[in-house]
Structures are given as C-alpha cells and as structure tokens.
Amino acid sequence: MSRIIELKNITHFYGERKVLDIASLSLEKGRIYGLVGPNGSGKTTLLSIMALLLRPSSGEIYFEGQPISGLSKISRMVIQRSMTMVFQNPYLFHMSVAKNIAYGLRVRGLSRKARSAKVKEALSWVGLAGFEKRKARELSGGEIKLVALARALVLDPAIIFLDEPTANVDSRHIHRIESIISQINRDRGTTVVMTTHNLSQAYRLADEVFSLFEGSLVTSAMHNLFSGRFQETEEGIFFDTGAVRIWVSAETIPSDSTHITIDPENIIVSKEPFASSARNRFEGTVSQIIDQGGRILLEIRSQERFKVLITEHSLREIGLGIGSPVYLTFKASSVNIL
C-alpha cells in the first residue's frame, strides 16, 4: 500500500505551551487508524493538522508524497477537498437534514438533482433513510452524529478524520457508527483516522493504533495508565497512585515523570493467588468482559481499575464471569515509565 499522509518533525504550540512533538508518522491508503491517549494528550490537535485545518508550528506534512508547504493555494484546496473531518460535537445548521448533508455538494456546484440523489444514498449508508425533511433541532444526539457522518461521506472523501465518533452516544448508535466505519473502509476503500477514549473500540476497529501522551507518540500500551509519584524505600522503588503501590524495576526514575502504564498482556489473572516472584499482586473483581475477536479484554475492579488481555481459551479454562473474584500478578519490569 502507498502512503497517503506522512508527518515529519511536527511540533505545535499554543502560546508557549508545546502540545505536539511528532518526529515521524506515516499512514497508508485504505486502512483504519486509531489515536488513543488521555485528555490533553494532543489527539484532536494532531487530527486537525493531518486534516490540513490547522498549520503546525513547525515540520512538514506530505500528502501522497507531496510536501504541503510547497503547494499553491489551489493545489492545497484540491487536497483538502479529498479529506473531511467530523468533530466530536458536530454543528448542524438550523435547517432540514437534507440541506445539512447537501451543503458541501452545493458549494462544489452539483445540480439539485445530483445533490438529492447523493443525499439519499448517504442517509441510506448511515441508516437514516427518510430523514431528509427532519429538522436538525428534532434529532437525538446519536442522530446528529449520524447526520454529520453522512454530510462527510456524501463528499466521497479519500480520507475521513473522526474525532471521538461515539462519545456521548447510546449503545445502539455506537454499534451503528462502528459498523459504518468498517463498511466505508471495506466497501469504499476510505482511509479512516479516528480518535477515541474507548481503547477496546480502537483495537477492535483499527488496523493500527497510535498512543499519544503529552503530545508525543509512545510505544507502551495505554490500557493501564496511572498518574502519581515515585517513592524509594529500602525495599525498592514503587509508584504511588494514591490508591495502590506499584513496584517498578527502574534504577533511575526521571525526576519529572508522573505517569506509568502496564501492558494488559503482561498481567496474569487467576482465581487463586499465583505462585510467582513478581512483586505486584492485587485482588479484584471482574467488572467487564469484552470480546475483541479471538482475544478477551477484562476490566478488573481493584483499588484501581486494571485491564487484562487473555485468550478465549484462557477465559473458559479459568471460568471467569462478571463478578468473579480474581488475583492480578505482574512483574516490576512490566511497568513502563512515561
């Protein structure tokens, strides 16, 4: 596959505060990408820069191998028209659904007949056939998201950017939006880049997931992200979250580091205490079981909430269900310091 977007040495500042520092990032055509990370990590800013809605403070953006900075306004506009972005809280004009969806087509000069046909097709795509005459103010939160998605899809973009597409949406509409994302990628070959706080969603839908932390890409998993501070005792160094102590093996701790993560695959879950030299051991209860297509993501409620990734076979073998009491065990070396 060929690259559609490439970023090199991208930084962005809001005033004197650096919010992005991306050395390199490449996206290929026809894939789904997930951007995950805590609030304030720079996800929406990065999405806006890739969508050419925000100019970075420094660095270069390439679209299909062309550096954006060297293009004329017209060439840049042509590229921008091949992209579209749906914001977390989309704004709909105070008019009918059909007119909202047709807005971009009218700007592009399509005839009324052509606009009408495309609007119907787009509404069918998102499961809102027959909504043409409904007013924007009459729609539910989930329906507003779907209309905004239809307004983007009607332009047949090569790449679509989705900022928290299922945030504040009920489960019925979440399922529909997720199905649409998979379908447009599969049937149209649309490249999809989405931010999400739902890590399970990211790993289920995306071909590749990027984790952002304080404006930079990090390699460690973001499933078990904890904030706190390090303390040193005669027994060793531990990370205090305020609720639990998590032992770490690092000999030198960055003085300004206040976050750690633990890869969910590196945590052992068992119904009985696990015989191991691992220093981190917690009791908890299974609060959520999520099927990720062959692998199972467990949410364990302890003094902190932990995510654990196991196989379907292990789930059956251990005999876990919602409410099952469990023990978690992981090594100090499994703790990643951010």
Report task. Might you let me know whether the stretch 75-84 holds any residue that is among the charged types (D, E, K, R), modelled with pLDDT under 95 and either at positive phi or in a loop (DSSP other than H, G, I, E, B) (or both)? Result -> yes
Query raised in the report: Before we move on, is Leu128 crowded, with 16+ Cβ neighbours inside 10 Å, in contact with a helix residue (DSSP H, G or I) (Cβ under 7 Å, 6 or more places away or on another chain), assigned by TED's automatic domain parsing to the domain that holds His175 and in contact (Cβ under 8 Å) with a residue 40 or more places away in the chain?
Result: no
**Report entry** Single residue of Phe274, Phe210, Phe230, Phe238 found to be in the same structural domain as Gly37 (by TED's automatic domain parsing) and out of contact with any helix residue (DSSP H, G or I) (no Cβ under 8 Å at 6 or more places or on another chain)
**Finding:** Phe210
Query raised in the report: Mind checking whether some residue in the stretch 22-37 is in a helix (DSSP H, G or I) and either surrounded by 19 or more Cβ atoms within 10 Å (Cβ to Cβ) or aliphatic (A, V, I, L, M) (or both)?
Result: no
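Every residue, every condition in (1) touching a residue at least 60 places away in the same chain (Cβ under 8 Å); (2) hydroxyl-bearing (Ser, Thr, Tyr); (3) part of a strand (DSSP E or B), yes or no:
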{"site": "Ser200", "(1), (2), (3)": "yes, yes, no"}
{"site": "Arg204", "(1), (2), (3)": "yes, no, no"}
{"site": "Met222", "(1), (2), (3)": "yes, no, no"}
{"site": "Phe230", "(1), (2), (3)": "no, no, yes"}
{"site": "Ile237", "(1), (2), (3)": "no, no, yes"}
{"site": "Trp247", "(1), (2), (3)": "yes, no, yes"}
{"site": "Ile253", "(1), (2), (3)": "yes, no, no"}
{"site": "Asp256", "(1), (2), (3)": "no, no, no"}
Query - Those residues of the stretch 167-187 which are part of a helix (DSSP H, G or I) and either among the β-branched types (Val, Ile, Thr) or surrounded by 15 or more Cβ atoms within 10 Å (Cβ to Cβ) (or both), in sequence order - result: His173, Ile174, Arg176, Ile177, Glu178, Ile180, Ile181, Ile184, Asn185
Report summary line: Residue pairs qualifying under the 8 Å Cβ cut-off, at least six apart or on distinct chains, with the first in the stretch 312-338 being free of Cβ contacts under 8 Å to residues at least 60 places away in the same chain and the second being small (Gly, Ala, Ser) and in a loop (DSSP other than H, G, I, E, B), are Glu312/Gly294
Query raised in the report: Limited to the stretch 116-154, what total is found for residues that are among the charged types (D, E, K, R) and either assigned to a helix (DSSP H, G or I) or under 24 Å from Asn185 (Cβ atoms) (or both)?
Result: 8
**Report entry** Which listed residue is among the hydroxyl-bearing types (Ser, Thr, Tyr), within 27 Å of Ala278 (Cβ to Cβ), touching a residue at least 40 places away in the same chain (Cβ under 8 Å) and in contact with an Asp or Glu (Cβ under 7 Å, 6 or more places away or on another chain), from Thr196, Thr241
**Finding:** Thr241
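Rundown of residues vs (1) under 18 Å from Ser314 (Cβ atoms); (2) surrounded by 19 or more Cβ atoms within 10 Å (Cβ to Cβ); (3) in contact with a Pro (Cβ under 8 Å, 6 or more places away or on another chain), yes/no style:
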position	(1), (2), (3)
Ile260	no, yes, no
Ile267	yes, yes, no
Lys271	yes, no, yes
Phe274	yes, no, no
Arg279	no, yes, no
Phe282	no, no, no
Asp291	yes, no, no
Arg295	yes, no, no
Ser302	no, no, no
Query raised in the report: Any chance the stretch 5-19 includes a residue that's in contact with a His (Cβ under 6 Å, 6 or more places away or on another chain) and more than 23 Å from Asn185 (Cα to Cα)?
Result: yes
**Report entry** Number of the exception - Phe226 against (1) over 28 Å from Ile32 (Cα atoms); (2) assigned to a strand (DSSP E or B)
**Finding:** (1)
Report summary line: Here the residues within the stretch 62-118 that are of a type in the set (Lys, Arg) and surrounded by 16 or more Cβ atoms within 10 Å (Cβ to Cβ) are Arg76, Lys99, Arg115, Lys118
Requested in this report: Looking only at the stretch 168-189, decide whether some residue is in contact with a Phe, Trp or Tyr (Cβ under 6 Å, 6 or more places away or on another chain), over 18 Å from Leu105 (Cβ atoms) and at pLDDT 95 or above.
Outcome: no
Report summary line: Over the stretch 188-214, the set of residues among the small types (Gly, Ala, Ser) and either farther than 20 Å from Gln88 by Cβ or surrounded by fewer than 22 Cβ atoms within 10 Å (Cβ to Cβ) (or both) is Gly189, Ser200, Ala206
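The values are calculated or read from the model by the stated rules, or taken from the named source; none is laboratory data. Quantities reported herein were computed from a predicted structural model and do not represent experimental measurements. Glycine gets a Cβ as well: all are built from the backbone with ideal geometry, and neighbour counts include every protein chain shown.
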